[in-house]
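Q: Would you mind keeping the following structure in view while I ask a few things?
The values are calculated or read from the model by the stated rules, or taken from the named source; none is laboratory data. Only a predicted model underlies this, so the values are computations on that prediction, with no experimental measurement involved. Ideal geometry is used to build each Cβ from the backbone, glycine not excepted, and the neighbour counts take in all protein chains shown. Accessible surface areas use protein heavy atoms only, side chains included; no ligands, DNA or RNA. Shrake-Rupley method; radii C 1.70, N 1.55, O 1.52, S 1.80 Å.
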Amino acid sequence: MTAPESAPARELTEAIADPATLRRSVAAGAVGVFVHWFDWAAYAYLASTIASVFFPAGNATAGLLAVFGVFAVSFGIRPIGALVFGPLGDRIGRKRTLSVVIFVMSGATLVIGLLPGYSTLGIAAPLLLVFLRLLQGFAAGGEFGSAATFLAEYAPRRSRGFGVSWLEVGSLLGFLSASFVFLLLSVGLSDAQLASWGWRIPFLIAAPLGIIGFVIRNKIEDTPEYRALEATDNVPRSPVRELLRNNKKQLLQTAGLMTMMHVPFYAVLTYLVTYETDYLGHSSGSAALLSTVISLTGLVLVPAFGRLSDRVGRRPILLGAGVALFVLSTPAFLLMRMGLTGTWIGGLVLGVVLAAILGTYAVWSAEIFPTRTRQGGLSIAYNLTAALFAGTVPYVMTVLISATGSTLVPGPYLMVAAVIGLIAAFSLRETAGNPLLQAADLTGEQTEA
C-alpha cells in the first residue's frame, strides 16, 4: 500500500504554483536535456570532420574509430557522474545539482568549440578532446536524474505525466536542432570550410544556451518536496546507503523500464539511419528525412501520451507500449525490407510506440521512489542502463546481423528489451495522481512500490 501523506507534507506541497513558475520549472528541467542531446547529436553528425581535425592524417578509418571510441568512453563514465550527482541532489537539493551539471556540460562544450586541432597541438589535441568529453559525460550522468526529479516534484499532481514528458521533448528538440544545424553547415560550407572552422559552430551555439539554462535554473526555487524535507529536518545524510538499504526493488524496477526505453530510442532515432543505408540500400537523404519525421511525430505524441497517462494511468500506457513493442518490432523490420514505403510505415510504427514509452517511463520512474532517494535512484538506474544498452545498440546490431546474416535481427533485439520492460511494469502498482512526499519520507522508513 502507498503510505499516507503527512500533514506537514500536505501543507508544504499542495500549494498550486502560478503559471509563470510552472513554465520556468519546465524550462529549467528541459533546457539541460536539450543542450546535452544537441551536443551529443552534433558530435555524432560531425564525427568524420572531428576525426580529421583532432587525429593524425593518413588513416581516416582509424581517426573515425578513435572519435567514436571517445564517444563510447563518455557514455561509460556517466554512471560515475550519476553516483556523484544523483545522491548529491538528495543531500543538497535538486536546484543546486541542476545548476552545476549544466554549467560543467556547457563549459566543456565551449572549450571543445575553441580547442585547436592536431596540426597545432599535436598529441595534446586528442588528449584534451578525450578529457573534455569525459567531463561532459561525467556531468551528463547527473542531468537526467536531476531534471526528471525536478519536473516531477514541481508538476501539479494531476498533470505530472504531462509535465515530466517535456523532459523528452527537450531531448527530441536537441536531436532535431543539431540535425538542422548540420544540414545548414553541409549545404552552406565547403568541406574545407567545415574542417577549418565550420565544425565549431554547433559547440559554440550550445555554450550560450547552457548559460541561459544555468541562469534559469539558478533563479528558480528548489522543489516543494525537497523544501518540505528541509523544513522538517529530514534531508537524508547518506542517500546512497538509504537507497541500497530500502529501495533496491525500486532500483531494479526502474532499470527495467529504462531498458525498454533505451534500446528502441537508440535503435529508432540513431541506428535506423545506418540500417536503411547499409542494409536496405536507401539514400542517406531519405534515411535522414524519415528520422526527422519520426522525431517531429514524437514532439507531438510524447506530451500527448504524458497527458493521457494522467487520465488513464501509467500502467495501461506502458504495458500497452511494451506489448506493442514486443508484437510489432519484427513485423516492422519485415515491412522495411519491402521497399521505401514499407520502410516508412515500419519506422513510423516504431516511432509511435517509442513516443508512448517516452511519454510515460520517466514520470512512473520518478513516482516509484520516495522523495528522500528519488534523484539518486533515477540517476543511477538511468545511467547504468544507458551504459549497458544505449551506446551499445549500433555495435550489437551490426555484430548480430554479421553473425546471423539476417537483417531481421533488430526486431528480436527490441523484443528482448520489451520483455524486460514488461516484467518491470507488471511488478508495479499504479502511481498516477499519488502524492510524491509520503509520511515515510519524514522517517526514513522503506516505501513499497
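Q: Classify segment 97-156: rounded, prolate or oblate, from the alpha-carbon gyration tensor (a ≥ b ≥ c, eigenvalue square roots; a/c under 1.5 rounded; otherwise prolate if a/b is larger than b/c)?
A: Cα axes put segment 97-156 in the prolate bin.
Q: By its C-alpha gyration tensor, with a ≥ b ≥ c as the square roots of the eigenvalues, how is segment 193-304 shaped: rounded for a/c under 1.5, else prolate for a/b larger than b/c, else oblate?
A: It comes out oblate by the Cα gyration axes.
Q: If you don't mind, there's one more thing I want to ask. Ignoring ligands, DNA and RNA, please state the percent of accessible area on the chain from carbon and sulfur, probe 1.4 Å.
A: Values: 12050 of 17530 Å².
Looking at the chain in its full context, I get 69 percent from C and S.
Q: Compute the Cα gyration tensor for the chain, then decide on rounded, prolate or oblate, letting a ≥ b ≥ c be the square roots of its eigenvalues: rounded whenever a/c is under 1.5, prolate when a/b is larger than b/c in the other cases, and oblate in all that remain.
A: It is oblate, given that a/c is not under 1.5 and a/b is not larger than b/c.
Q: For the chain, what does the helix formula give at 222 nm: sum of -39500 (n - 2.57) over DSSP H segments with n ≥ 4, over the residue count, nearest 500 deg cm²/dmol?
A: -25500 deg cm²/dmol
Q: If the cut-off is a Cα-Cα distance under 21 Å, which lysines reach Lys95, setting aside same-chain residues fewer than 8 apart in sequence?
A: Excluding near neighbours in sequence, the set is Lys219.
Q: Can I ask one more? Where does each of Leu290, Leu22 land when they are ordered by accessible area, with a 1.4 Å probe and the largest first?
A: Values: Leu290 0, Leu22 40 Å².
Ranked from most to least accessible, the order is Leu22, Leu290.
Q: Could you work out the longest stretch of the chain that avoids the trypsin sites (Lys or Arg not before Pro) located in DSSP loops with at most 14 other Cβ atoms within 10 Å?
A: 1-236
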